[in-house]
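Step one of this worksheet: look at the structure below.
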Amino acid sequence: MLIGLIIAILFGTSGGPESEFVSSIPHLQREIRKNVTDDARKEELLALVKVYEKTIKKSQKEARKLKKRADKAAADKNVSRNEFLREYDYYYNSRERLLASLIGYRMLFQEQITEEEVLLIYESAIFTSKKERRKDNKQNEKAEEKLHKFFEDINDIVVKHIDDPKKTELIVGYLNDFKNTVFAFVDDAHDLNIQRQIMLDNKNATRKELEALYERSSQLRYRASREYAKMREEIIRNTNEREWKAINKELKVFLKS
């Protein structure tokens, strides 16, 4: 979807903002059973992981419905900029609520596990983690290539379907401005991804540190959605129904990426 390519770079292959300390460790329940010797804490940690995973599953179900609504609004020429943004904000606000819950679970998890146990669990997971990071890097490269291809394709669509040279030049200009903005966001996303990994590895990360990290990613999504809405509005203003349908067909590919 709209920020999907940016957020894919921002959070890697682990599934977006719902990827946090607990879900970042492969086979976590197995590792807890193997490395936590205190039976009472072991059961508490396993129960916490189950609740955590249930929370993510429920949130993802809600997010799919909201995303469908948001994509429908984006495609409708008669939906205003404010209406469009309202639908996308519903979607992103649902993810913000999820993040708040996950930070709470992270704090509970940290209270119940020792430094030694964390090291044992990470030692077992380190090979998989390295493989995942290599996979993340490749997917990041593919995401950026996909972005370049999108802007090439949509420029071709504009030139093909808009007969007025002045309007063509105007819309291509809006698209180029948005492209530059997106790639500036990608640079921010790379830095955030590095900071996120540092936070995931830190058993003693504070709530304040986690909230600050996710606030940065929230601001990135907010800015990107506003820039997209501005571009969309200008394209609608300078196209007729036939031209908008042709361009919007390509925009849908971007939104669902």
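Some points to look at:
- Number of the exception - E53 against (1) farther than 30 Å from N248 by Cβ; (2) in contact (Cβ under 8 Å) with a residue 60 or more places away in the chain: (2)
- Any hit, segment 205-212, residues being out of contact with any Lys or Arg (no Cβ under 9 Å at 6 or more places or on another chain) and surrounded by 18 or more Cβ atoms within 10 Å (Cβ to Cβ): no
- Members of segment 99-117 that are of a type in the set (A, V, I, L, M) and in contact with an Asp or Glu (Cβ under 6 Å, 6 or more places away or on another chain): L102
- Looking across K61, K65, K77, K57, one residue alone is within 30 Å of K230 (Cβ to Cβ), of a type in the set (K, R) and within 23 Å of the chain's Cα centre (by Cα). It is K65.
- In the set K68, K50, K58, K77, only one residue is over 30 Å from N202 (Cα atoms) and at pLDDT below 90; that residue is K68.
- Taking each residue of segment 69-89 that is among the hydroxyl-bearing types (S, T, Y) and looking for partners that are part of a helix (DSSP H, G or I) with beta-carbon atoms closer than 6 Å, six or more apart or interchain, yields Y88/A70; Y88/S225.
- Tallying residues that are modelled with pLDDT of 85 or more, surrounded by fewer than 17 Cβ atoms within 10 Å (Cβ to Cβ) and under 19 Å from the mean Cα position of the chain (by Cα) within segment 135-179 yields 1.
- Qualifying positions in segment 108-132 - among the charged types (D, E, K, R), at pLDDT below 85 and surrounded by 13 or more Cβ atoms within 10 Å (Cβ to Cβ): E132
- Complete set of residues in segment 29-50 that are in a helix (DSSP H, G or I), hydrophobic (A, V, I, L, M, F, W, C) and touching a helix residue (DSSP H, G or I) at 6+ places or on another chain (Cβ under 7 Å): I32, L45, L46, L48, V49
- Test: residue in segment 192-199 that is under 27 Å from Y122 (Cα atoms), crowded, with 18+ Cβ neighbours inside 10 Å, polar (S, T, N, Q) and in contact with a Lys or Arg (Cβ under 9 Å, 6 or more places away or on another chain): no
- Taking (1) surrounded by fewer than 18 Cβ atoms within 10 Å (Cβ to Cβ); (2) at pLDDT 85 or above in turn, G15 satisfies each apart from (2).
The values are calculated or read from the model by the stated rules, or taken from the named source; none is laboratory data. In this text, all values refer to a predicted model and were calculated from it rather than measured experimentally. Every residue, glycine among them, receives a Cβ derived from its backbone with ideal geometry; neighbour counts consider all protein chains shown.
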